[in-house]
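Remarks on the structure that follows.
The values are calculated or read from the model by the stated rules, or taken from the named source; none is laboratory data. These figures come from a predicted structure and were not determined experimentally. We place every Cβ from the backbone using ideal geometry, glycine too, and count neighbours over all the protein chains shown. The accessibility values were calculated without ligands, DNA or RNA, using every heavy atom of the protein model including side chains. Shrake-Rupley method; radii C 1.70, N 1.55, O 1.52, S 1.80 Å.
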Amino acid sequence: MPKYLVTGAAGFIGRSITAALLARGEEVRGVDNFITGKRANLTGLDAIEFLEGDLRDPAVCAQACAGVEIIFHEAALASVPRSVADPVATNECCVNATLNLLIAARNAGVRRVIYAGSSSAYGDTPTLPKHEAMSPNPMSPYAVAKLTGEHYMRAFTRVYGLETVVLRYFNVFGPYQDPTSHYSGVLAIFCRKMLAGQQPTIYGDGEQSRDFTYIDNVVHGNLLAAAAPAQNVAGCMMNLATGARITLNQTFAILRDLTGYGGEPEYAAPRAGDIRDSLADIHLAGELLGYQPQVEFREGLRRTVEWYRACARE
Ligand code: UD1
């Protein structure tokens, strides 16, 4: 019986956590409904027990949770603009599915659930860096949905004693992130376009900034969260990021070097629901997990460009 369940195992972050667990010799079950996950992302993960199903269905949640000890809950409908276009779908896939999963986890005697929170919970508060004691200020349906999941996590620790840990991710990027949808993360889109010699679009003036976090850092934080003593982390929420920020204009300039793209970006109107600046205070994850970023932004971006370049050659 697998010890670990990864939800969204065919998605970008779920796939990466699954691969790291397998590399440690762990037994893993993965679940995905393939709404945004890709079958191709399961290549190389043949050793997992895979369940195709949708967490909006309580029966799927029960099957997924049976016998496991630790869950990495990565399944979601990511993207702020997707939630602006269809808030109900985001709510169903982020809130209803999370509640179903927690109920199934409690019923199955799962010990710990580690939840993919989102920096979008902080919203457009002017204070930087964002630290965990700040009041949330969700600006989009996506932010509301991810934040609601956080509240359910904490409530399940308080009421049922399930060990839950919330990791608030900040703009994760890296290999296996889908670059093909206009709901994709900006770096995935820019890498694909610029490698193909196509002009990327910057929404707004490009001076918005993000704490872009390379995937290996997020995987590292999750593995630490799985291993941390319950008295340190159960019912806790913490940022998972690099603690540095960069503007889109600066990022574009670095990508021009890395990809060899010779043109300029196109500038378009700012996107609804966007926030201006985002930067994490990462001290709490340092204290509670011993977390330190493993790969800095430029090196992460270099590896990411190389990965998309290799994909484009296939
Ligand atoms: C938000 C959340 C993040 C969450 C992610 C899920 C914040 C601070 N972050 O990221 O935690 O995981 O949603 O999708 O709320 N942009 C362009 N051109 C493009 C695409 C995007 O200029 O082609 C711009 C956007 O307008 C935005 C920035 O790039 O200003 C980043 O966008 P995106 O990658 O979608 O992430 P966030 O919305 O910041």
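A compact table of results
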quantity: Cα principal axis extents for the stretch 140-261, largest first, Å; calculated: 53, 29, 24
quantity: Simple label model, 7 Å out from Cα along Cβ direction - E27 to K3, nm; calculated: 1.1 nm
quantity: Distance between the stretch 26-84 and the stretch 185-226 - C-alpha centres, whole angstrom; calculated: 22 Å
quantity: Debye log10 I(q)/I(0) for the chain, one point scatterer per Cα, at q = 0.09, 0.13, 0.16 Å⁻¹; calculated: -0.42, -0.90, -1.41
quantity: Probe 1.4 Å, accessible area per residue of the chain, Å²; calculated: 41 Å²
quantity: Share antiparallel - DSSP beta bridges, the chain, percent rounded to 5; calculated: 5 percent
quantity: 3J(HN,Hα) from dihedral phi, the stretch 60-69, Karplus parametrisation 6.51/-1.76/1.60, rounded to Hz, x for glycine, proline; calculated: 5, 4, 4, 5, 5, 7, 4, x, 8, 9
quantity: Y267 long-range amide H proximity, modeled H, under 5 Å; calculated: I202
quantity: Charge-dipole axis of the chain as Lys and Arg at +1 and Asp and Glu at -1 on Cβ define it, positive-most pick from T259, P293, Y4; calculated: Y4
quantity: Alpha carbon centroid spacing (whole Å) that separates the stretch 85-157 from the stretch 245-290; calculated: 23 Å
quantity: Percent carbon-and-sulfur accessible area, the chain, ignoring ligands, DNA and RNA, probe 1.4 Å; calculated: 50 percent
quantity: Relative contact order, percent, the chain [alpha-carbon distance under 8 Å, six or more residues apart]; calculated: 17 percent
quantity: Long-range Cα-Cα pairs in the stretch 188-255 (distance over 21 Å), rounded percent; calculated: 45 percent
quantity: Dipole-positive endmost among V28, N249, I13 within the chain (Cβ charges, Cα centre); calculated: V28
quantity: Per-residue ³J(HN,Hα) for the stretch 177-192, Karplus 6.51 cos²θ - 1.76 cosθ + 1.60, θ = phi - 60°, Hz, x for Gly and Pro; calculated: 6, 5, x, 9, 9, 6, 8, 5, x, 4, 6, 4, 4, 5, 4, 4
quantity: Dmax and Rg, reported as Rg then Dmax, of the stretch 272-314 (C-alpha, Å); calculated: 15.7, 43
quantity: Distant-in-sequence amide H partners of V295 (H built 1.01 Å from N, under 5 Å); calculated: N217
quantity: Residues with amide H under 5 Å from that of V113, placed H, sequence gap 5 or more; calculated: I71, E163, T164, V165
quantity: Phi to ³J(HN,Hα) by Karplus 6.51 cos²θ - 1.76 cosθ + 1.60 over the stretch 110-116, Hz, x for Gly, Pro; calculated: 4, 7, 9, 10, 9, 10, 7
quantity: Square roots of five times the Cα gyration tensor eigenvalues for the stretch 117-182, Å; calculated: 23, 17, 12
quantity: Dipole in debye (nearest 20) - the chain, about Cα centre, beta carbon charges: Lys, Arg +1; Asp, Glu -1; calculated: 140 debye
quantity: Neighbourhood net charge (10 Å Cβ-Cβ; Lys/Arg +1, Asp/Glu -1) for E27; calculated: 0
